[in-house]
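First the structure, in the form of structure tokens, and then the observations on it.
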Amino acid sequence: MKAAVCIDAHQHFWRYDVVRDQWITDDMAALRRNFMPADLQPHLQAGNIDGSVAVQADPSEKETGFLLALAEANPFVRGVVGWVDLCADRLSDRLEYYASFQRLKGFRHLVQGEAPGFLSRPEFLAGVAALARYQFTYDLLIYSHQLTEAIAFVDRVPNQRIVIDHLAKPPIRAGAFDTWVHDLTQLAEREHVHCKLSGWSTEADWAAWKPDDIQRYLDVALAQFGPRRLMYGSDWPVCLLASSYDRQLRTVEQVIDRLSPTEKESIMGANAIQFYNL
């Protein structure tokens, strides 16, 4: 019998909207449909995953409400990372409101789409710093070329729990490695920063990636953050562009197989439970 609690710390739901979801381009046509809890649950059951964290995909408070309603109706969705305007003048009022929702664990902004300098905007920094007062977490979604800015950013919010989504999207498809390693290593020196072993398959060659292409990137994350600050995430359904749920899960499990049972349990669930207070 499986003793530890396993958590998929990064997945999404949506009812596809052709206008809202223009980020789903023609080469991502497989994602142009609804993805709901009933679609995810069989994958979790097959992978012996006990629960998940649903992460926003649309920058709106409507999205936050949508995910909270799904979590309320589906107990396996143990937490929600929503969206709120972190630059808003009356942000404290919104955070006060959201503090009453037990399953709302944190927030995310789509920084990967912002212009250079966004992470140093005073109003954004103030907004992220305000999250700690309500015990909310912050998911940092960036590309690898934004890591230098991210280092300065996390230094300005030292009391905020932060997790890096998708390994900061390393350029696996291009085979680039050294600059990403250098910058991620510096970021990992900040103890309040964690990292998700998620999203890597769609940064590789969707049709032709092999576990060997991925391992060195996951190994770097493991070496720099250690088993105590890493958590597994599928990035379902986006991962389906490049992998089945089972294949991406087994790839992570193979990479961490050399670790002790306690270390594996940390990455596969315990860290997410602690970080998100699930």
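The values are calculated or read from the model by the stated rules, or taken from the named source; none is laboratory data. Keep in mind that what you see is a predicted model, and the values were worked out from it rather than measured. Neighbour counts are summed over all protein chains in view; Cβ atoms, including those assigned to glycine, are modelled from backbone coordinates with ideal geometry.
Quick notes on this one:
- Residues that are part of a strand (DSSP E or B) and out of contact with any Phe, Trp or Tyr (no Cβ under 8 Å at 6 or more places or on another chain), drawn from the range 34-76: VAL55
- Qualifying residue in the range 236-254 (condition: aromatic (Phe, Trp, Tyr), within 16 Å of the chain's Cα centre (by Cα) and modelled with pLDDT of 95 or more): yes
- Among the residues listed as LEU86, LEU68, LEU141, the single one being farther than 24 Å from PRO37 by Cα, of a type in the set (A, V, I, L, M, F, W, C) and surrounded by 15 or more Cβ atoms within 10 Å (Cβ to Cβ): LEU86
- If you go through the range 224-236 and keep only what is part of a helix (DSSP H, G or I) and touching an Asp or Glu at 6+ places or on another chain (Cβ under 6 Å), you end up with just PRO227.
- Test: PRO59 is free of Cβ contacts under 8 Å to residues at least 60 places away in the same chain and over 18 Å from the mean Cα position of the chain (by Cα): no
- Options VAL80, VAL84, VAL18; residue that is part of a loop (DSSP other than H, G, I, E, B), touching a Ser or Thr at 6+ places or on another chain (Cβ under 8 Å) and aliphatic (A, V, I, L, M): VAL84
- Qualifying positions in the range 98-120 - part of a loop (DSSP other than H, G, I, E, B), of a type outside the set (Phe, Trp, Tyr) and surrounded by 14 or more Cβ atoms within 10 Å (Cβ to Cβ): ARG103, LEU110, GLU114
- The set of residues from the range 156-173 being part of a loop (DSSP other than H, G, I, E, B), farther than 12 Å from TYR217 by Cβ and not aliphatic (A, V, I, L, M) comprises PRO158, ASN159, GLN160, ARG161.
- The one condition in (1) out of contact with any strand residue (DSSP E or B) (no Cβ under 8 Å at 6 or more places or on another chain); (2) under 20 Å from MET268 (Cβ atoms); (3) crowded, with 20+ Cβ neighbours inside 10 Å; (4) not β-branched (Val, Ile, Thr) that ALA204 fails to fulfil: (2)
- Positions within the range 174-223 being touching a residue at least 60 places away in the same chain (Cβ under 8 Å) and not in a loop (DSSP other than H, G, I, E, B), in sequence order: HIS194, LYS196, LEU197
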